[in-house]
């Protein structure tokens, strides 16, 4: 997997990702593992911020077309819940520009890591 980071676990207040995770993974299992790994780097009560698209199989850079994993709105919400994010605020702000990719919607998520009891 592409997420081989050498940072101290539990050391970040915020982790952000924009259109990255789906391009780095090949399956739903790898997607869940990537979210779980990002969560481990966050301090309790801190934030994961994600911006990407739902229902997208590819994106374009110039005339080149790149494929990546399909992730649904339900999969995102379920994964965040299962991986220890208590609060997850998902916003669907705009329709995608069809000439750039084949996604259904864009999304923005701010998720809070559950505090340790």
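Values quoted throughout were computed directly from the atomic coordinates according to the rules given, and no laboratory measurement underlies them. Model, not experiment: these values are computed from the prediction. Neighbour counts are summed over all protein chains in view; Cβ atoms, including those assigned to glycine, are modelled from backbone coordinates with ideal geometry.
Provide the FRET efficiency to the nearest 0.05 for the residue 63-residue 14 pair, computing r from the beta carbons and using R0 = 25 Å. Intermediate values should be presented prior to the final figure.
Details: r = 35 Å, r/R0 = 1.40.
It comes out at approximately 0.10.
Exposure proxy check: 106, 42 ranked by fewest other beta carbons within 10 Å? Please report the intermediate quantities before stating the final value.
Values: 106 19, 42 22.
Final ranking by Cβ density, sparse to dense: 106, 42.
Below 8 Å between Cα atoms, with a sequence gap of 6+, how large is the relative contact order for segment 1-75 in percent? Mind showing how you got there, number by number?
On the way: 99 pairs, mean separation 26.9, N = 75.
For segment 1-75, the relative contact order is 36 percent.
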